[in-house]
Each structure stands twice: as C-alpha cells, then as structure tokens.
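Peer 1: One structure is given below, represented as structure tokens, and several questions about it will come after.
The values are calculated or read from the model by the stated rules, or taken from the named source; none is laboratory data. Everything quoted here is computed from the prediction, not taken from an experiment. Methodologically, a virtual Cβ is constructed for each residue, glycine included, from the backbone with ideal geometry; neighbour enumeration extends over all protein chains shown. Quick note on the areas: whole protein, heavy atoms, side chains included, nothing else; ligands and nucleic acids left out. Shrake-Rupley method; radii C 1.70, N 1.55, O 1.52, S 1.80 Å.
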Amino acid sequence: FFSAYWWGLIPQALFMVSAMSTKLLVQDIEIEIANEIAEEEIQTLSKLKENKEASENARLLRLIDHERAVLSELREREVQQNEEMKRAKEAADNANRAKSAFLAVVSHEIRTPMTGVMGMVRLMLETELNKSQKQYAQTIQDSGEAMLALLNDILDFEKIESGKMEIEHVDFDLPRVVNSIMTLMSGHAESKNIILAAEIAPDIPRYVIGDPVRLRQVLLNLV
C-alpha cells in the first residue's frame with residue numbers, strides 16, 4: 001500500500017509538470033499575442049500620427065501658399081501705387097514748371113509797356129498841370145508802381161520755388177506804402193459803396209526798415 005501510494009504520486013507529478021508547461025506555454029502565447037496587439041496599436045498610432053502630421057503639414061503649406069499669394073499681390077499693388085505716384089509727381093512738376101514759365105513770360109511782356117507808361121507819367125508830372133490834373137497823374141503813377149510791384153511779386157514765385165527768396169532790409173516811407181494801397185483799392189471800395197479809410201497810430205515812425213514790397217503785398221491781400 002505504501003509503495004502504491006508513491007507510485008500513485010508519479011502520475012500526479014507528471015500531470016502537474018504538464019500543467020505547468022501548458023500554463024507557461026499559454027502565458028508565452030498570451031504575451032506574444034499581447035506584444036503583437038501592442039505592436040499593431042503602436043503602428044496604428046504611428047500611422048494616425050503620420051496622417052495627422054501630413055494633414056497639418058498640408059494645411060501649413062496651404063497657409064504659406066496663401067500668404068505668399070497675398071504678399072505677392074500687395075507687392076504688385078505697392079509697385080503700381082509707386083508708379084502712379086511717380087507719374088503724378090512728374091505731372092505736377094511739369095505743371096509747376098509750365099506755370100512758372102508762363103508767369104515769367106507774361107510778367108516780362110507786361111512790364112515792358114508798363115515801363116513806357118510810367119515814363120510818360122513822369123514826363124507829364126514835369127509839365128505845368130493844375131491841382132486836379134497833377135493829382136490824377138500822381139494816382140496813375142502810384143497805380144503804375146503798384147502794378148510793377150505786382151509783376152515783381154509774380155516773378156518772385158520762381159525764387160520761392162527755388163528757395164532763393166530773400167527779404168530786403170531798406171528804409172522806406174510807411175505812410176506812402178499805406179496810401180498807395182488806399183489809392184489802388186479806393187475804386188473797388190467805391191464801387192461797392194464801402195468807405196475805405198487808413199489810420200496810422202501816431203507813435204508809429206514814418207520811416208522804418210524792412211521790405212516794403214512784401215509789406216505792401218501783405219496789406220494789399222488783407223484789404
């Protein structure tokens with residue numbers, strides 16, 4: 001009986017060994033299957049990541065192409081605007097040169113007969129005239145001098161544009177400048193039924209130092 005007991009343990013041992021081997025084999029198969037599943041999941045994730053990266057790259061490329069197109073269009077517009085501004089500047093410069101040339105020619109052409117008129121008025125003032133005739137001739141002379149001053153002002157536009165404008169510092173009769181403006185503008189005032197009068201403060205000196213032509217131009221524009 002005792003021997004039979006020990007002989008009976010042998011199949012049980014073999015069965016246990018077989019069961020352990022089977023269990024280990026099953027575990028190895030499960031581990032292998034798990035590894036395969038993990039590898040497949042890794043590959044799947046990798047593919048998804050690659051697809052996502054490819055999609056992001058494609059979107060970025062589309063954005064870059066769009067930005068390049070926009071920048072190219074902006075550059076073309078900028079070049080076009082610069083060309084238009086250049087043409088407009090050239091046209092404005094040509095117009096200014098034409099204006100200056102026209103004013104210079106006209107002022108020179110008018111100055112020649114005005115010089116003759118002023119010479120004849122001076123000769124008239126040297127003859128025997130009554131008080132009214134002398135006053136009329138003096139008014140013509142003052143108006144002629146005003147006209148010559150205006151012609152000089154027209155010529156000064158070229159000096160202003162070229163940056164060569166200079167202010168004179170000479171002695172001149174201030175009341176005479178004011179009276180010349182009154183003489184020139186009195187006719188326009190009378191035609192509009194406006195009383196034009198000039199008053200100079202008593203503390204203002206008669207002779208001052210400055211640019212009579214510029215002062216006269218300013219006062220004339222104000223009147």
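Peer 1: Report whether or not Ile140 is closer than 26 Å to Leu215 by Cα, out of contact with any Asp or Glu (no Cβ under 7 Å at 6 or more places or on another chain) and either of a type in the set (A, V, I, L, M, F, W, C) or at pLDDT 85 or above (or both).
Peer 2: Answer is yes for this residue.
Peer 1: Is it the case, given these coordinates, that Val106 is in a helix (DSSP H, G or I) and at pLDDT 80 or above? Show your work before the answer.
Peer 2: Details: in a helix (DSSP H, G or I): yes; at pLDDT 80 or above: no.
For Val106, the condition - in a helix (DSSP H, G or I) and at pLDDT 80 or above - is not met.
Peer 1: Let me ask another. Checking the structure you have, find out if any residue of the range 54-66 is loosely packed, with under 10 Cβ neighbours inside 10 Å and either touching a Ser or Thr at 6+ places or on another chain (Cβ under 9 Å) or without any contact (Cβ under 8 Å) to a residue 60 or more places away in the chain (or both). Working first, answer last.
Peer 2: Taking the range 54-66 first, the residues loosely packed, with under 10 Cβ neighbours inside 10 Å are none.
No, the range 54-66 contains no residue that is loosely packed, with under 10 Cβ neighbours inside 10 Å and either touching a Ser or Thr at 6+ places or on another chain (Cβ under 9 Å) or without any contact (Cβ under 8 Å) to a residue 60 or more places away in the chain (or both).
Peer 1: If you take the residues of the range 174-223 that are out of contact with any Pro (no Cβ under 8 Å at 6 or more places or on another chain) and among the charged types (D, E, K, R), which of them is nearest to Ile140 (Cα to Cα)?
Peer 2: Looking at residues that are out of contact with any Pro (no Cβ under 8 Å at 6 or more places or on another chain) and among the charged types (D, E, K, R), I get Arg176.
Quick grid of which residues meet (1) open to solvent by less than 70 Å² (accessible area, probe 1.4 Å); (2) part of a loop (DSSP other than H, G, I, E, B); (3) modelled with pLDDT under 85; (4) not acidic (Asp, Glu):
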position	(1), (2), (3), (4)
Leu123	no, no, no, yes
Thr127	no, yes, no, yes
His188	no, no, yes, yes
Ile195	no, yes, no, yes
Ile204	no, yes, no, yes
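Peer 1: Pull up the range 206-221, narrow it to residues that are at pLDDT below 90, in contact with a helix residue (DSSP H, G or I) (Cβ under 9 Å, 6 or more places away or on another chain) and among the aliphatic types (A, V, I, L, M), then point me to the one that is least open to solvent (accessible area, probe 1.4 Å).
Peer 2: Of everything passing the filter in the range 206-221, Leu220 is least open to solvent (accessible area, probe 1.4 Å).
Peer 1: Now, a different point. When both residues are 6+ apart or on different chains and their Cβ atoms are under 7 Å apart, which pairs have a first residue that lies in the range 109-120 and is of a type outside the set (Phe, Trp, Tyr), and a second that is open to solvent by 70 Å² or more (accessible area, probe 1.4 Å) and assigned to a helix (DSSP H, G or I)?
Peer 2: Matching pairs, first to second residue: Met114/Met147.
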